[in-house]
Amino acid sequence: MPLSSAQNITGALQLNLQSYLLLSSQVKQAHCNVVGPKFLSVPPFLDQVFAELQTAIDDTAERIRQLGEFPSGDVRLVALTDGADALPDGKLEDDLAVEVVIARIAEVVKGVRTRLGPLEDEDAVSADMIHSQLHSLEKSDWMLESVLA
């Protein structure tokens, strides 16, 4: 794989990594601050989403290393480059917590899909990994949407 192609791929993977890192911290924040009648069901599910994101983070960072680059998980960099809105401070009513996480997942999925297109032809292994990560995120989104139904 030519160097410029590998750099483009690792650049896209780095952006995905940063999105996953920020989303995981927001999911954990929502988990810690949920209140309301769905309290017993929402935090355990958010823990499951968090665990799936940790797997995506590990896999993405390892793929960046396999391609000869070094991943950056510096939270200062993540906060500066993502541009996502912060979660509200303090307690989060259960439905609001779910709505906020759903919205954030949708933002991450949109960004990851945008970066996936160019990778499809250049790096099938990275593209396959990202497809699996998108499947997990979209499944979590669907399950969270069901909480609100």
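The values are calculated or read from the model by the stated rules, or taken from the named source; none is laboratory data. What you see is a predicted model; the values in this text were computed from it and never measured. Backbone-built Cβ (ideal geometry, glycine too); neighbour counts: all protein chains shown.
Report whether or not residue 58 is farther than 16 Å from residue 109 by Cα, among the acidic types (Asp, Glu), in contact with a helix residue (DSSP H, G or I) (Cβ under 8 Å, 6 or more places away or on another chain) and part of a helix (DSSP H, G or I).
Against the criterion (farther than 16 Å from residue 109 by Cα, among the acidic types (Asp, Glu), in contact with a helix residue (DSSP H, G or I) (Cβ under 8 Å, 6 or more places away or on another chain) and part of a helix (DSSP H, G or I)), residue 58 does not qualify.
Scan segment 69-80 and give yes if some residue there is of a type outside the set (S, T, N, Q), part of a helix (DSSP H, G or I), out of contact with any strand residue (DSSP E or B) (no Cβ under 9 Å at 6 or more places or on another chain) and at pLDDT 95 or above, otherwise no.
The answer is no; no qualifying residue exists.
Please tell me if residue 116 is part of a helix (DSSP H, G or I), over 17 Å from residue 42 (Cα atoms), touching a Leu at 6+ places or on another chain (Cβ under 9 Å) and among the hydrophobic types (A, V, I, L, M, F, W, C).
So residue 116 fits the description; yes.
Considering each residue of segment 99-116 in turn, none proves to be at pLDDT 95 or above, farther than 21 Å from residue 142 by Cβ and among the small types (Gly, Ala, Ser).
With respect to the conditions (1) exposed (fewer than 13 other Cβ atoms within 10 Å of the Cβ); (2) more than 15 Å from the chain's Cα centre (by Cα), residue 88 lacks only one, and its number is (1).
Here is a yes/no grid of residues against (1) surrounded by fewer than 16 Cβ atoms within 10 Å (Cβ to Cβ); (2) without any contact (Cβ under 8 Å) to a residue 60 or more places away in the chain; (3) in contact with a Lys or Arg (Cβ under 6 Å, 6 or more places away or on another chain):
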site: 33; (1), (2), (3): no, no, yes
site: 63; (1), (2), (3): no, no, no
site: 71; (1), (2), (3): no, yes, no
site: 101; (1), (2), (3): no, no, no
site: 108; (1), (2), (3): no, no, no
site: 111; (1), (2), (3): no, no, no
